[in-house]
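S.K.: This structure is in structure tokens; I'll ask about it shortly.
The values are calculated or read from the model by the stated rules, or taken from the named source; none is laboratory data. On a predicted model such as this, the values are computed, not experimentally measured, just so you know. Every residue, glycine among them, receives a Cβ derived from its backbone with ideal geometry; neighbour counts consider all protein chains shown. To get the accessible areas, we keep the full protein, side chains included, count just its heavy atoms, and leave off ligands, DNA and RNA. Shrake-Rupley method; radii C 1.70, N 1.55, O 1.52, S 1.80 Å.
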Amino acid sequence: MTNQMDATEKFSGKAEGYEKYRPSYPKELLDYLYQDVGFQENSVIADIGAGTGIFSRLLLERGSRVFCVEPNDDMRRVARQKLQGYPSCTFVKATAEHTLLDDRSVDFITAAQAFHWFDQTAFAAECRRILRAGGKVVLVWNNREKDSTIIKETYRICQEICPEFQGFSGGKETPEKYQSFFREGRYEERAFPNDQRMDLEGFLGRYLSASYAPSQEENRYFAFTKALTELFDSYQKGGAVTLPNQTHCYVGEV
């Protein structure tokens, strides 16, 4: 459980940047969830590892009741500020493995950009406890297109300067995890285009909000931002760059 405890604090001090610079998710993904998967306006959804509420907001906008389960105080504080206008939103200070939610209390579970931080076995058991009959789990990632030249260059910079960097988060490359997580290895995968176009501020902010990124107090901060700025300058057109991205989701019972 040491890794899980460490993960709880990895984004402390980065919540403001996370909320401002992390990409959202395409309308087509939400349409798929509400038209094909079974989400409804009156659905009760547990958004696990809700962070600053980027994905939770999209569910609330569709009228669903959402439990934002997030263990990090800094992230949860920003989520409260951003989502205070939604009375159907409830914040829970808890982990994915121990959500503190009642047995059979939710219709669906979502985890956006978060599943890789969880203890998979314990999370699966918790999903089975809190889901109502027929409920499904939806795992979501914004995945960078790794064949893109600019993505390869940012990968190299992160690898050279950030000791904690272990690759960009996302589950596209590890299908065996889904086969072992979902019941009988059955799940549906869908992908939606979600390219990210950003100016220099957004480009730097996107990478500085990562768990592995150095803080301003660290010596590596200047080298990191300098390398990213030089990369931006070499690729920008009209003061912005486009990062090729796809949003992937995996849906099934557990």
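S.K.: With angles folded into 0 to 90 degrees, how steeply does helix 120-130 sit against the dominant principal axis of the chain? Use alpha carbons for both and round to 10.
M.R.: The angle comes out at about 40 degrees.
S.K.: If you average the sequence gap of Cα pairs under 8 Å that are 6 or more apart and divide by the length of the chain, what percent do you get for the contact order? Intermediate results must be reported in sequence, preceding the final value.
M.R.: Details: 453 pairs, mean separation 55.4, N = 254.
Relative contact order here is 22 percent.
S.K.: Going down the table (Lys20/Lys152; Lys20/Lys136; Lys93/Lys226; Lys146/Lys226), which pairs top 26 Å between alpha carbons? If you can, show how the numbers build up before the last one.
M.R.: Values: Lys20/Lys152 24 Å; Lys20/Lys136 30 Å; Lys93/Lys226 37 Å; Lys146/Lys226 22 Å.
Checking Cα-Cα distances, Lys20/Lys136; Lys93/Lys226 exceed 26 Å.
S.K.: While we're looking at this one, here's another question. Please compute the contact order of the stretch 175-242 in relative form: average sequence separation of alpha-carbon pairs under 8 Å and at least six residues apart, divided by the residue count, as a percent.
M.R.: Computed value for the stretch 175-242: 34 percent relative contact order.
S.K.: Where Rh denotes the Kirkwood radius from the mean inverse Cα pair distance, what is Rg over Rh for the stretch 130-254?
M.R.: 1.06
S.K.: Can you give me the Cα centroid spacing of the stretch 17-52 and the stretch 229-248 in angstrom?
M.R.: 25 Å
S.K.: Over every pair of different alpha-carbon atoms in the chain, take the mean of 1/r and invert it; report that Kirkwood radius in Å.
M.R.: Computed over the chain, the radius equals 18.8 Å.
S.K.: For Lys226, Lys27, give me the order by solvent-accessible area with a 1.4 Å probe, most accessible first, ignoring ligands, DNA and RNA. Let's see the in-between values first.
M.R.: Working: Lys226 95, Lys27 130 Å².
The ranking, largest first, comes out as Lys27, Lys226.
S.K.: Add -39500 (n - 2.57) for each DSSP H run of 4 or more in the chain, then divide by its residues: what number comes out at 222 nm, to the nearest 500 deg cm²/dmol? Provide the component values of the computation, followed by the final result.
M.R.: Working: 10 runs with 96 residues, N = 254.
One gets -11000 deg cm²/dmol as the mean residue ellipticity at 222 nm.
S.K.: Put His248, His116, His98 in order of accessible area, largest first, 1.4 Å probe: what do you get? Please report the intermediate quantities before stating the final value.
M.R.: Working: His248 10, His116 70, His98 125 Å².
Result, largest first: His98, His116, His248.
S.K.: If all Cα-Cα distances of the stretch 116-156 are sorted into 5 Å bins from 0 onward, what percent lands in each bin, rounded to whole numbers?
M.R.: 5, 17, 17, 14, 11, 10, 10, 9, 6, 0
S.K.: Which order do peptides 85-96, 213-224 fall in by mean Cβ count within 10 Å, highest first? Could the numbers behind the result be given before it?
M.R.: Details: 85-96: 16.9, 213-224: 13.7.
Per-residue Cβ counts within 10 Å, averaged per peptide and sorted highest first, yield 85-96, 213-224.
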